[in-house]
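Derivation of every value follows stated rules applied to the coordinates shown; laboratory data play no part. These numbers come from a predicted model, not from an experiment. Backbone-built Cβ (ideal geometry, glycine too); neighbour counts: all protein chains shown.
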Amino acid sequence: MSTEDTILHRPAAPDYEGKQEYNIIVYAENRIGLLNRIAIIFSKRKINIESLNTSPSEIEGIHRFNILITESYEVVRKLSRQIEKQVEVLKAYFVTNDEVIWQELALYKVSTEEITEKVTVERLLRQYGASAVVIRKDYTVFAVTGHKEETDALVKALEPYDLIEFVRSARVAIIKDSAGFHEKLKEFKAVEPGEDLIENEFLEKGDKIFTM
Amino acid sequence: MIQETILAETKTAQTDKTFKGTGSQALLNGLIEEGVHTVFGYPGGAIMPIYDALYDYSDKLKHILVRHEQGGIHAAQGFARTSGDVGVVFATSGPGATNLVTGLADAQIDSTPLVCITGQVFAHLLGTDAFQETDVINITTPVTKWNYQITDAKEIQEVLAKAFYIAKSGRPGPVLIDITKNAQLQVEEFNAYVKCNHIRSYRPKPNIRVEYIAQAAEVINAAKRPFVLFGQGVILGTAEQEFKAFIEKSGIPAAWTILGEGAIPTDHPLNVGMLGMHGNYGPNVLTNECDVLIAVGMRFDDRVTGRLDKYAKQAKIIHLDIDPAEIDKNVKADVGVWGDCKETLPLLTDLVNENKHPEWLAKFRDYNQQEIDQVITAELYPTGDEMTMGEVLRNINEICGGDAIIVTDVGQHQMVACRYAKFNNTRSNVTSGGLGTMGFGLPAAIGAKYGAPDKTVIAIIGDGGFQMTPQELGTIMQFGAEVKILILNNRFLGMVRQWQQLFHDKRYSFVNITSPDFVALAKAYYIEAQMVNERANLRTALETMINHEGSYLLEVMVGRENNVFPMVPQGCSVSEIRLK
């Protein structure tokens, strides 16, 4: 943390003006209605969620939301605080794309006849690292994992060859910082009422991660 | 799975009061264990099992049958605001539940602790568009701090315990529990009720970091013209004494938001008045002249700040709040002090130097004198024939001496009441601040009386707002809540009219509202009433109302086109406040 910054709880953020993609990572109880409670924090402010994934986390009973939005640092910080304020949310973090490793899974259904007849298709698939998931007489399903740009490029490339169906998953992202969130969350789980908990020590690694 | 989570989260301290009974009985036992003695509600099909059980609990739980669920929830808000306890409301499914929404939104934005219990159709009918089925959980999600639907009686105790804990801890707020009819009827062996004091995902109070407090103290000690703004956080945190000690040691003038009013007495020498759109002259102008602005338990509402890009730009901002989401939300803090102000204020008081700021305080007095000369004297001691709202308030102050609870509705009378009412005690000003809910006043006053039965409760209401919830006269009639209803009738929707006059070329579009004979209306409900339209009769009429044993309605005819000043026009800076 910069010592010049008088605002102790907020890392200096000169590079975060203007809109860019942010990954909001939320750890929460697995409870009916919580998705709605989180979603309305965005819709109330007329902010579109570009990608949303919910899954179990590394901690039993705790769910992880990965939410992708394009907004400014200030807006994302306020959104994260509003999310973290929800009773059943343990923690909300937000990070830029530089700070996470992320993947999306895409599935492509193409005519098997086209595949077998046209060599260029095969070459395309090799080039994009696609793997066959199902092969039938009438169609074949390929899977590709990667970033949106990569999976989109294959859609474009396959268009002339009778792409029957295409689907892409939401983004899943994992933090680059080696410690991850796990230790922090374990503390949450173990903490007794009234026991002291160090607030936001992740903040002090301001170059790696931002939170409330 | 869900149920297990909730069970696992609640820390236990067992006693041996187990019993066999219905979900409804478990609910009512739980309410009693939580110390509830008064419930505001209205029965209906889907909550009938709870009402059936209530029949046997009438010696322990007083149920006030309101005339509309909105009245019920506003009454519970009034109760919570004067008593400091959680207000409890019962309503049935469908329309009963949707009628709570305005009150929930009001309680959410004004941080009022409530637990609302709504009935719901049988679990097997959920999603079938059954009679009086609405999706209450999703409708109320944006306006509750937490909500939960119970479909199995085994969840009732744990969920109720969580509901009370969430409603009252941290930054308080409304909680809604929706209980399907089958769960209300279900017979179970129940364990003893256990209060909740910890939820693993919920941290009501952020931990205090002493370095922020040290930094805040350093900034305050270097300040030449420090200024304190305080809000309802001081009252909600029962930190009135701690706050007073802080300003008295540091000698810093303090101004209040309308929900913070009364946290320190009106007459306190460092109380420099009201902030915001219709606040006092000095506090608004000097916001843009102070060098350090210390905000305590307030959230920089737009009605307080006016135009943000011209708000206190010259000052270093210190913001004390229990809710981390409030810090930096509207106004960026140079030092954000997270935490419960009951804990942070004493730590800060220890570190600040004893000081007096005589020249700086004199500036507030100068501005106050200008306001007295140009606005206040004419409002409190009018010389024209028409009565002013201000003179009514002055008379109330003289009669009650600042010890009454003043409940207001929304509009001009609200601003005048907040500006001029004298308060000696905390939890005496009950008003709808954030949401500005017309129709709040009458039902909230009923609840306020149950929350503070030994106090005189005066409900000051406009002719427009009164006509939004007049049905609650029926509640007063039946249960005898001793509420003094004061209607300030200017035969206009006055605040909107004022804006139309000032900003819409006096195009009075649908603000000309007619009223029934309020005296006859009150008498139809067997409530004593009278109307005054001459100054000569005002004082006696007010004394009659206040000294009357029982509820009373007094209608005072005031000037039609009086305006509330000073005023910070919307979109202007606080320093552009107008005196006329």
Inset, instruction - Could you tell me the number of lysine pairs in segment B:387-557 with C-alpha atoms less than 23 Å from each other, where the two lysines are 8 or more residues apart or belong to different chains? - result: 7
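Dipole size in debye (nearest 20) for the protein assembly as shown around its Cα centre, Lys and Arg Cβ +1, Asp and Glu Cβ -1? Numbers along the way, then the final one.
Details: 80 positive and 103 negative charges, 159 e Å.
The dipole of the protein assembly as shown has a size of about 760 debye.
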Inset, instruction - Please give the peptides A:62-71, B:528-537, B:482-491 ranked by average Cβ packing (other Cβ atoms within 10 Å per residue), highest first, as a rough proxy for protection. - result: B:482-491, A:62-71, B:528-537
Legend entry - Table column - 3J(HN,Hα) (Hz), segment B:405-412, Karplus curve with 6.51, -1.76, 1.60, x for Gly and Pro: 8, 10, 9, 10, 8, 10, x, 4
Legend entry - Long-range HN-HN contacts of B:VAL558 with modeled amide H, under 5 Å: B:ASN489, B:ASN490
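Helix-only mean residue ellipticity at 222 nm, the protein assembly as shown, DSSP H runs n ≥ 4 weighted -39,500 (n - 2.57), per residue, nearest 500. What is it? Each step should come with its number before you reach the end.
Working: 31 runs with 275 residues, N = 792.
Mean residue ellipticity at 222 nm (helix-derived): -9500 deg cm²/dmol.
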Legend entry - A:GLU84, B:GLU189, B:GLU555, A:GLU114 arranged by Cβ crowding within 10 Å, fewest neighbours leading: B:GLU189, A:GLU114, A:GLU84, B:GLU555
Inset, instruction - Report, to the nearest 10°, how far helix B:240-250 tilts away from the longest principal axis of the Cα atoms in chain B, using its own Cα long axis and a range of 0 to 90°. - result: 30 degrees
Legend entry - In degrees, nearest ten, helix B:156-168 long axis to first principal axis of chain B (Cα): 10 degrees
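Once you average over the residues of A:70-80, how many Cβ atoms of partner chains fall within 10 Å of each Cβ? Don't jump to the answer; show the numbers that get you there.
Numbers: counts 0, 0, 0, 0, 2, 0, 0, 3, 4, 1, 1.
If you average over the peptide's residues, the count of other-chain Cβ atoms is 1.
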Legend entry - Size-normalised alpha-carbon gyration radius of segment B:2-190, reference 2.2 N^0.38 Å: 0.93
Inset, instruction - Starting at the first residue of segment B:51-58, write each ³J(HN,Hα) from the Karplus equation 6.51 cos²θ - 1.76 cosθ + 1.60 with θ = phi - 60°, in whole Hz, x for Gly and Pro. - result: 5, 5, 5, 4, 3, 8, 10, 5
Legend entry - Cβ-placed point charges (K, R +1; D, E -1), dipole of segment A:51-109 about Cα centre in debye, nearest 20: 180 debye
Inset, instruction - Kindly put B:LYS329, A:LYS46, B:LYS310 in sequence by how many other C-beta atoms sit within 10 Å of each C-beta, fewest to most. - result: A:LYS46, B:LYS310, B:LYS329
Legend entry - Residue-by-residue Karplus 3J(HN,Hα) for segment A:76-93, coefficients 6.51, -1.76, 1.60, Hz, glycine and proline x: 5, 5, 5, 4, 5, 5, 5, 5, 5, 5, 5, 4, 9, 9, 7, 7, 10, 10
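If packing is taken as the mean number of other Cβ atoms within 10 Å per residue, what is the order of B:135-144, B:160-169, B:541-550, highest first?
Details: B:135-144: 19.7, B:160-169: 23.9, B:541-550: 15.8.
So the order, starting with the most tightly packed, is B:160-169, B:135-144, B:541-550.
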Inset, instruction - Calculate the length of the line joining the C-alpha centroid of segment B:47-91 to that of segment B:182-221, in whole Å. - result: 25 Å
Inset, instruction - Could you give me the radius of gyration and the Dmax of segment B:387-557, taking only the C-alpha atoms into account and expressing both in angstrom? - result: 15.1, 48
Inset, instruction - Rank B:GLY306, A:HIS63, B:HIS124 by how far each Cα sits towards the positive end of the charge dipole of the protein assembly as shown (+1 on Lys, Arg Cβ; -1 on Asp, Glu Cβ) and give me just the farthest. - result: B:GLY306
Legend entry - Against the rule of thumb 2.2 N^0.38 Å, how large the Cα Rg of segment A:102-168 comes out: 0.99
Legend entry - Distance violations [Cα-Cα > 22 Å] among A:LYS46/B:LYS329; B:LYS224/B:LYS316; A:LYS44/B:LYS205: A:LYS44/B:LYS205
Legend entry - Positive-end residue, segment B:2-190 charge dipole about Cα centroid, Cβ charges, pick of B:GLN184, B:VAL66, B:ALA161: B:VAL66
Inset, instruction - Report, ordered by chain and residue number, the aspartates and glutamates lying within cross-link reach of B:LYS60, taken as a straight Cα distance under 17 Å and ignoring same-chain residues fewer than 8 apart. - result: B:GLU33, B:GLU34, B:ASP52, B:ASP85
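What is chain B's relative contact order, in percent, from Cα pairs under 8 angstrom and six or more apart in sequence?
On the way: 1331 pairs, mean separation 85.0, N = 580.
Reported relative contact order: 15 percent.
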Inset, instruction - Among B:ALA223, B:ILE137, B:ILE513, flag the residue with its Cα farthest along the positive direction of the charge dipole of chain B, charges on Cβ as +1 for Lys/Arg and -1 for Asp/Glu. - result: B:ALA223
Inset, instruction - Over 27 Å between C-alpha atoms is what I'm after, so list which of A:LYS19/A:LYS85; B:LYS168/B:LYS313; B:LYS154/B:LYS195; B:LYS162/B:LYS342 land there. - result: B:LYS168/B:LYS313
Inset, instruction - Please report, in debye to the nearest 20, how large the charge dipole of segment B:2-190 is about its Cα centre when each Lys and Arg carries +1 at its beta carbon and each Asp and Glu carries -1 there. - result: 480 debye
